[in-house]
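Engineer: Take this structure first; my questions come after.
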Amino acid sequence: MIDLRLLREDPDRVRASQRARGEDVALVDALLSADERRRSSGVRFDELRSEQKSIGKLISKASGDEKAELLKKTGQLAADVKAADAEQHEADEETKRLALQLGNLVHPDVPVGGEEDFVVLETHGTIRDFAAEGFEPKDHLELGEALGAIDVERGAKVSGSRFYYLTGVGALLELALVNAAIAQATEAGFIPMLTPALVRPRAMEGTGFLGQAAENVYHLEKDDYYLVGTSEVPLAAYHMDEILDADKLPLRYAGFSPCFRREAGTYGKDTRGIFRVHQFDKVEMFSYVLPEDAENEHQRLLDWEKQWLTALELPFQVIDVASGDLGSSASRKFDCEAWIPTQGKYRELTSASNCDSFQARRLSVRLRDGKKVQPLATLNGTLCAVPRTIVAILENHQLPDGSVRVPEVLRPYLGGREVLTPVAK
């Protein structure tokens, strides 16, 4: 939720942001109108209540016809106050409803456009030349099945398409990735967290996932709970309705959780293997910071993601995500995309988003600095989305015989294994 005062003072900036996102610009004027009704109805209510109180004091001193006239007037005032209160409440609800539909203000440096209009900021690592090495790379599913690590057939049998089992060294590889990621995050000062996978509507709405992202959210209608698509949701809501002391910031949490996504609109896309699935595990970084430190924290989150992918010895690029692909909560987002050899392109592994005070306003998370109380800023960054990271590791570190070299950072968590070898059939 954006600051309504900013909306009133600079509506053109908000219109430009909506336009850059490819969202409804008319929403800005509808919200301005509702906000004006909210404020004017509030003024009228206050004036009527003040008059009502003043007449109440006069009645106790009046008598005869004067008192009768005042009593008659109080009856009319009571009806007017009730009507003004209802009008104020209706205008307030309409303002909130419209404000929740408005995306965060796009950062001025964000490239304008759709999904393909990103800007490449950095490229890291060296892409292997498999032809020069004398063999054709296998894709992650072929490798994973040979290793006894991935079973999508039984995943589909039990749960349907886009579900899978990680078995044997596949399960061990996930646990190694999670432990190594949490170790890096803990060393960087993050508090490790195991978070709920089910949240109430306010937590989901407050983080911005019931707007344009709603079609990808699983909803348990009978209980009115939502399955989270990322631990960003419970981490953002962790301090909901709280006031945090400024000197306690930044607060940094690293959440590990299962994640659930319907993947609506991706029919026929990435159907092979475990790159795009309905359920996966993820380590997510989340920061609560002073508003003036948000941009620096955004860079820090990106640096931790780059550190992680470098430790996994993966070639990757960093992109500045275009305005139409930001999601409603982010003002700016950097993605790290790893090279996937059999696809011949970079694919997203991590994201780092600066949400400024957008989520904090919706969730009523504020900071106290002396006597001043104001919304703080929140940011989030994926450290390890497990299945996609496994895809990148298997394909980039494969050897000619179908075995896979283990990056050094993971070896302590895999019993010292240096290579994963195919299982005998």
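Engineer: Please go through the range 178-225 and give me each residue that is modelled with pLDDT under 95, surrounded by fewer than 17 Cβ atoms within 10 Å (Cβ to Cβ) and within 22 Å of LEU349 (Cβ to Cβ), ordered by number.
Structural biologist: Residue satisfying the conditions is ASN216 alone.
Engineer: Something else now. If you check ASP369 against the conditions, is it over 20 Å from ALA338 (Cβ atoms), more than 30 Å from the chain's Cα centre (by Cα) and in the same structural domain as PHE135 (by TED's automatic domain parsing)?
Structural biologist: no
Engineer: Taking only pairs six or more apart or across chains, which ones have beta-carbon atoms under 6 Å, a first residue in the range 96-109 that is farther than 12 Å from VAL14 by Cβ, and a second residue that is among the charged types (D, E, K, R) and at pLDDT 90 or above?
Structural biologist: As it stands, the answer is HIS107/ARG332, since those pairs meet every condition given.
Engineer: Let me ask something else about it. Please indicate, with yes or no, whether at least one residue in the range 359-379 is crowded, with 24+ Cβ neighbours inside 10 Å, within 18 Å of ALA176 (Cα to Cα) and touching a helix residue (DSSP H, G or I) at 6+ places or on another chain (Cβ under 8 Å).
Structural biologist: For the range 359-379, residues crowded, with 24+ Cβ neighbours inside 10 Å, within 18 Å of ALA176 (Cα to Cα) and touching a helix residue (DSSP H, G or I) at 6+ places or on another chain (Cβ under 8 Å): absent.
Engineer: Enumerate the pairs (first residue in the range 325-341 and more than 23 Å from PHE275 (Cβ to Cβ); second residue anywhere and in a strand (DSSP E or B)) with beta-carbon separation below 8 Å, excluding pairs fewer than 6 apart on the same chain, so at least 6 apart or on different chains.
Structural biologist: Hits for this filter: SER329/SER353; SER331/ASN354; ARG332/ASP320; ARG332/SER353; ARG332/ASN354.
Engineer: Identify, please: which residue in the range 281-290 is in contact with a Cys (Cβ under 9 Å, 6 or more places away or on another chain) and buried (at least 23 other Cβ atoms within 10 Å of the Cβ) and is, among those, nearest to LEU244 (Cα to Cα)?
Structural biologist: Only one residue fits best here, namely GLU284.
Engineer: I'm told GLY229 meets every condition in (1) assigned to a helix (DSSP H, G or I); (2) in contact with a strand residue (DSSP E or B) (Cβ under 8 Å, 6 or more places away or on another chain) except one. Can you identify the failing condition by its number?
Structural biologist: Unmet condition: (1).
Engineer: Does THR167 count as more than 21 Å from the chain's Cα centre (by Cα), hydroxyl-bearing (Ser, Thr, Tyr) and surrounded by 15 or more Cβ atoms within 10 Å (Cβ to Cβ)?
Structural biologist: For THR167, the condition - more than 21 Å from the chain's Cα centre (by Cα), hydroxyl-bearing (Ser, Thr, Tyr) and surrounded by 15 or more Cβ atoms within 10 Å (Cβ to Cβ) - is met.
Engineer: If you go through the range 260-285, how many residues are hydrophobic (A, V, I, L, M, F, W, C) and free of Cβ contacts under 8 Å to residues at least 60 places away in the same chain?
Structural biologist: Total satisfying the criteria: 1.
The rows are residues; the columns are (1) closer than 25 Å to ASP356 by Cα; (2) in the same structural domain as LEU349 (by TED's automatic domain parsing); (3) not in a loop (DSSP other than H, G, I, E, B).
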| position | (1), (2), (3) |
| --- | --- |
| ALA176 | no, yes, yes |
| ASN179 | no, yes, yes |
| ALA185 | yes, yes, yes |
| PRO196 | yes, yes, no |
| LEU210 | yes, yes, no |
| ASP223 | no, yes, no |
| PRO234 | yes, yes, yes |
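Engineer: Sticking with this one: Among the residues of the range 176-192, are any acidic (Asp, Glu), over 18 Å from the mean Cα position of the chain (by Cα) and closer than 21 Å to ASN380 by Cβ?
Structural biologist: Looking through the range 176-192, at least one residue is acidic (Asp, Glu), over 18 Å from the mean Cα position of the chain (by Cα) and closer than 21 Å to ASN380 by Cβ.
Engineer: For the range 305-312, does any single residue satisfy the condition of being crowded, with 23+ Cβ neighbours inside 10 Å, assigned by TED's automatic domain parsing to the domain that holds ALA352, over 20 Å from TYR253 (Cα atoms) and at pLDDT 95 or above?
Structural biologist: Among the residues of the range 305-312, at least one is crowded, with 23+ Cβ neighbours inside 10 Å, assigned by TED's automatic domain parsing to the domain that holds ALA352, over 20 Å from TYR253 (Cα atoms) and at pLDDT 95 or above, which makes the answer yes.
Engineer: Please list, ordered by first then second residue, the pairs with beta carbon atoms under 7 Å, 6 or more apart or interchain, first in the range 288-306 and farther than 13 Å from GLN184 by Cβ, second part of a helix (DSSP H, G or I).
Structural biologist: Every condition considered, the pairs that remain are VAL289/GLU297; LEU290/ALA246.
Engineer: Here is a further query. Taking the criterion of being buried (at least 23 other Cβ atoms within 10 Å of the Cβ), under 20 Å from GLU232 (Cβ atoms), under 18 Å from the mean Cα position of the chain (by Cα) and among the basic types (Lys, Arg), would at least one residue in the range 291-303 satisfy it?
Structural biologist: The answer is no, given that none of the residues of the range 291-303 is buried (at least 23 other Cβ atoms within 10 Å of the Cβ), under 20 Å from GLU232 (Cβ atoms), under 18 Å from the mean Cα position of the chain (by Cα) and among the basic types (Lys, Arg).
Engineer: Do you know which residues across the range 121-157 are surrounded by 12 or more Cβ atoms within 10 Å (Cβ to Cβ) and among the hydroxyl-bearing types (Ser, Thr, Tyr)?
Structural biologist: Scanning the range 121-157 gives a single hit, THR123.
Engineer: Here's a follow-up. For residues that are part of a helix (DSSP H, G or I) and not acidic (Asp, Glu), tally how many sit in the range 396-425.
Structural biologist: 7
Engineer: Here is a list: ASP281, ASP241. Which entry is among the acidic types (Asp, Glu) and farther than 29 Å from ILE340 by Cα?
Structural biologist: The conditions single out ASP241.
Engineer: While we're looking at this one, here's another question. Count, please, the residues in the range 26-56 that happen to be touching a residue at least 40 places away in the same chain (Cβ under 8 Å) and of a type in the set (A, V, I, L, M).
Structural biologist: Total meeting the criteria: 5.
Engineer: State yes or no: is LYS222 closer than 18 Å to PHE286 by Cβ and free of Cβ contacts under 8 Å to residues at least 24 places away in the same chain?
Structural biologist: no
The values are calculated or read from the model by the stated rules, or taken from the named source; none is laboratory data. Predicted model, so just to flag it, every value in this text is computed and none were measured. Note: ideal-geometry Cβ built from the backbone for every residue, glycine included; neighbour counts use all protein chains shown.
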